[in-house]
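Contents: one structure, followed by commentary.
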């Protein structure tokens with residue numbers, strides 16, 4: 001009997017099944033890959049869209065700030081923030097007096113305002129000053145950290161700082177502006193919500209913040225979020241403190257803070273800087289660095305702003321370190337002697353007259369009625385000259401004109417003198433020298449094109465505005481004066497030794513242009529730590 005041979009049809013069937021399975025697996029993988037690619041494309045699209053929506057939220061807030069401008073009354077605030085919810089939660093606080101004598105952080109209490117739940121912790125900082133020749137440490141409250149924004153506030157609650165062993169510290173609460181914008185019918189039937197939170201909506205904030213969170217919810221995946229934080233800067237006459245082109249280097253125990261010279265800016269009576277009423281609203285900045293070195297004991301009671309690539313080291317900063325610093329260092333055009341009425345050539349003189357304007361001089365009268373006396377000199381040392389109260393004087397010096405101690409700006413009743421000095425030499429003070437000791441910083445503005453060092457040593461005191469972007473500034477403190485340099489300063493670099501301190505006069509922050517607000521910082525909040533800081537603020 002013969003055995004039957006194996007049929008080839010079984011092998012073909014098995015091979016066909018294997019190939020079919022391979023093709024099926026390949027097609028399934030391809031379809032899954034295609035589906036995942038489509039989902040990824042959708043999420044990439046939605047991520048870009050979420051970024052755009054978050055940007056749009058910040059633009060809504062910036063529009064409201066610029067509509068507000070410099071106004072602070074209720075009518076303008078309401079008009080600028082139409083469509084927003086104003087109040088309900090506490091957004092920020094502002095230290096109005098740091099106080100002194102604290103050995104520990106005081107307790108913070110919120111009361112009134114119609115709401116409940118707001119809570120914060122106080123932060124203290126120790127500064128070293130010299131009072132009557134004695135090196136003294138002053139410990140005051142520099143900032144408050146909000147731990148609970150509370151709810152239901154219809155007006156600003158009162159902040160009370162108690163305990164901690166100190167006195168004199170005061171603070172103000174500022175409420176939030178919030179807005180929710182919803183979108184539906186997006187691509188793939190996705191929906192979106194943009195939440196915008198802002199502090200300082202009434203224009204009183206030192207560094208108003210805006211934080212937006214855009215959330216897009218697709219129908220086939222988890223939500224996509226984009227968070228953006230911006231800081232706005234209120235434009236004023238000058239940078240709010242000390243701005244250098246290049247390096248800032250502090251040694252010893254320098255201090256930078258702020259104060260208010262009078263209730264109404266530029267209106268007497270004027271008070272000099274005092275540690276008991278110091279505030280923490282100065283800005284110290286460097287555009288090109290490469291470093292801002294505050295030294296082991298340096299203290300900035302305020303904010304530090306830097307340009308791209310500039311590093312900040314050492315010291316204590318009570319506020320924020322802000323990037324994207326910008327400043328136009330272009331000098332103004334110096335006035336020229338037209339020979340018209342009000343323009344006087346003093347020639348090459350060693351010093352100016354004891355009083356300006358002179359009794360027989362006649363001012364130039366501008367179209368708006370401003371009366372100004374112009375004086376032109378060369379090779380002059382500007383020193384012991386008094387500017388008569390109520391008079392506007394412009395001094396233009398060439399040929400190495402410099403400035404030393406002795407210039408006085410007159411004050412009589414509500415009348416205050418005003419001097420603008422344009423020169424090409426440095427300022428030099430030492431010992432007990434003083435420039436403009438009886439008026440306020442806004443009454444004196446000094447422009448200089450010099451590349452020489454402006455030097456302040458010993459008990460030297462200067463109250464005014466110094467614009468010398470090509471001049472290094474050196475402070476060699478060592479005397480008994482706690483006042484030092486008051487006003488605002490724009491220089492090439494800063495070297496401060498000993499206890500040479502800088503005190504920004506907040507009265508200088510008055511409007512100088514129609515554009516009230518500008519962008520100081522833009523940052524996407526990508527990490528959970530960054531987002532957590534503002535998560536509770538956006539919980540509305």
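Only the coordinates and a few stated rules stand behind these numbers; no lab work does. Quick caveat, the model's predicted, so the values are computed rather than measured. Cβ atoms come from the backbone with ideal geometry, glycine included; neighbour counts cover every protein chain shown.
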Practice problem: Kindly state, to the nearest 0.05, the FRET efficiency for residue 368 paired with residue 430, given R0 = 45 Å and r defined as their beta-carbon distance. | Solution: 0.65
Quiz item: According to the Kirkwood expression over distinct Cα-Cα pairs, how big is the hydrodynamic radius of segment 357-409, in Å?
Solution: 12.2 Å
Quiz item: Per the helix-only calculation at 222 nm, which mean residue ellipticity applies to the chain, given -39500 (n - 2.57) for every DSSP H run of n ≥ 4 and division by its residues, nearest 500 deg cm²/dmol?
Solution: -5000 deg cm²/dmol
Quiz item: What Kirkwood hydrodynamic radius, in Å, does segment 241-508 give when the mean of 1/r is taken over all pairs of distinct Cα atoms and then inverted?
Solution: 18.8 Å
Practice problem: Give me the number: length gained by fully extending residue 296 to residue 72, i.e. 0.36 nm times residue separation minus the C-alpha to C-alpha distance, one decimal in nm. | Solution: 76.7 nm
Quiz item: What ranking do 121-129, 523-531, 422-430 get when scored by the average of other Cβ atoms within 10 Å per residue, highest first?
Solution: 422-430, 121-129, 523-531
Exercise. Could you check the simple spin-label distance between residue 96 and residue 360, using points 7 Å along Cα→Cβ, in nm with one decimal?
Key: 5.3 nm
Self-check item: Residues residue 148 and residue 438, FRET efficiency given R0 of 41 Å [Cβ-Cβ distance, rounded to 0.05]
Solution: 0.30
Quiz item: Mind checking Rg over Rh on the chain, alpha carbons, Kirkwood formula for Rh?
Solution: 1.18
Quiz item: Roughly what would the spin-label model give for residue 188 and residue 378, points 7 Å off Cα along C-beta, in nm?
Solution: 7.6 nm
Exercise. Round to the nearest 0.05 the FRET efficiency obtained for residue 162 and residue 25 when R0 = 60 Å and r is the Cβ-Cβ distance.
Key: 0.25
Quiz item: Between residue 56 and residue 219, 0.36 nm times their residue separation minus their Cα-Cα distance comes to what?
Solution: 56.3 nm
Quiz item: Angle, helix 9-68 long axis vs. longest principal axis of the chain, Cα atoms, 0 to 90°, nearest 10?
Solution: 20 degrees
Exercise. Just report the Cα centroid separation between segment 235-310 and segment 438-507, whole Å.
Key: 11 Å
Exercise. Provide the percentage of antiparallel DSSP beta bridges, counting only those with both residues in the chain; round to the nearest 5.
Key: 45 percent
Practice problem: Would you mind computing, in nm to one decimal, how far apart the modelled labels at residue 348 and residue 540 are, each placed 7 Å from Cα along Cα→Cβ? | Solution: 6.9 nm
Exercise. Please give the length that would be gained between residue 12 and residue 451 if that part of the chain were fully extended, namely 0.36 nm times their separation in residues minus their C-alpha to C-alpha distance (nm, one decimal).
Key: 148.6 nm
